[in-house]
């Protein structure tokens, strides 16, 4: 009996050591994959999940788009079905406020100085301006049909809004809080999401079909229409300005664009329904929400291979990363 006990003890000790090593290895891997926290909205789970922790925060119905303040302290997420925006403390996931906005709020972005958030009310044909300190709507900006998402210029003087109803790209003067210009985008079927080049001179606009338009913001000229995966999706210009990535919610690929020559360099199979895409601030990793497979995929941008997959709650939609607005 003592011999068996000794063997059992050794087996138990070995199992414990291996388990600890496995946990530490996973923690080390997660720390490497997430140089800063990321936040994923889970539409059908009514939650927001923080990585690299497993924390999932209860929100409202249909948590959709989200945005993080520049200091990383507050996360805002839209709930289109309740016409509200939820504010979370990123330290513990506590709800700080539920803010009433316009009809069917979709995309949300926070100004570079962290003071205001612009919310695209798709059914209200308007932008709600939220004071991030008081969590109050301080202005409403009227737009053309179906504003979907917003991107601020680096200095915050302008905000660009995709007008999915077909008008093109709206340009908002943030001082006067008025649309100063609408730039048509021929060749797109419903401007959906956008991002800007590093110098702020070019907008990369993703539509609801399978195209990205390269739009010169000074001239208003479409320089190129690039074919990508099928269905609407997010688009992200990497912080270094070298690449852009876009998903395809009716497809299974993420398309990588080389911005030096505006060419497609990779189509990476990630699973069914990729929508949200965001690069880490060091450009090393690309995070993808795969809506139909309920997972978040991490892509190594050196090899353009999938490094890790994480199962999450139902319908992961959007991803927010500090220092990559």
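The values are calculated or read from the model by the stated rules, or taken from the named source; none is laboratory data. Just so it is clear, the structure is predicted and the values come from calculations on it, not from any experiment. Cβ atoms come from the backbone with ideal geometry, glycine included; neighbour counts cover every protein chain shown.
Numbers for the structure displayed
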item	result
Matching option when the condition is at pLDDT below 95 and either within 17 Å of the chain's Cα centre (by Cα) or closer than 16 Å to residue 36 by Cβ (or both), among 323, 282	323
Yes/no for residue 50 being under 19 Å from residue 311 (Cα atoms) and under 17 Å from the mean Cα position of the chain (by Cα)	yes
Options 277, 298, 288, 264; residue that is part of a strand (DSSP E or B), over 18 Å from residue 322 (Cα atoms) and either modelled with pLDDT of 95 or more or in contact with a helix residue (DSSP H, G or I) (Cβ under 9 Å, 6 or more places away or on another chain) (or both)	264
Failed criterion for residue 76 (all others in (1) over 20 Å from residue 43 (Cβ atoms); (2) surrounded by 20 or more Cβ atoms within 10 Å (Cβ to Cβ) hold)	(1)
Scope the stretch 79-103; condition surrounded by fewer than 21 Cβ atoms within 10 Å (Cβ to Cβ), within 22 Å of residue 36 (Cβ to Cβ) and without any contact (Cβ under 8 Å) to a residue 40 or more places away in the chain; matching residues	89, 91, 92, 94, 96
Tally, over the stretch 221-246, of residues that are more than 26 Å from residue 153 (Cβ to Cβ) and buried (at least 16 other Cβ atoms within 10 Å of the Cβ)	2
Enumeration of residues in the stretch 215-244 that are closer than 23 Å to residue 183 by Cα, within 18 Å of the chain's Cα centre (by Cα) and part of a strand (DSSP E or B)	235, 236, 237, 244
Yes/no for residue 106 being surrounded by 19 or more Cβ atoms within 10 Å (Cβ to Cβ), under 28 Å from residue 146 (Cβ atoms) and in contact with a helix residue (DSSP H, G or I) (Cβ under 7 Å, 6 or more places away or on another chain)	yes
Selected residue (only one of 256, 249 is outside any strand (DSSP E or B) and buried (at least 21 other Cβ atoms within 10 Å of the Cβ))	249
In the stretch 209-220, the residues that are farther than 11 Å from residue 191 by Cα and buried (at least 23 other Cβ atoms within 10 Å of the Cβ)	215
Residue ranges of strands (runs of 3 or more DSSP E) in the stretch 121-208 with at least 2 members over 20 Å from the mean Cα position of the chain (by Cα) and surrounded by fewer than 23 Cβ atoms within 10 Å (Cβ to Cβ)	126-131, 136-142, 168-173, 178-183
Qualifying residue in the stretch 107-114 (condition: out of contact with any strand residue (DSSP E or B) (no Cβ under 9 Å at 6 or more places or on another chain), modelled with pLDDT of 95 or more and in a helix (DSSP H, G or I))	no
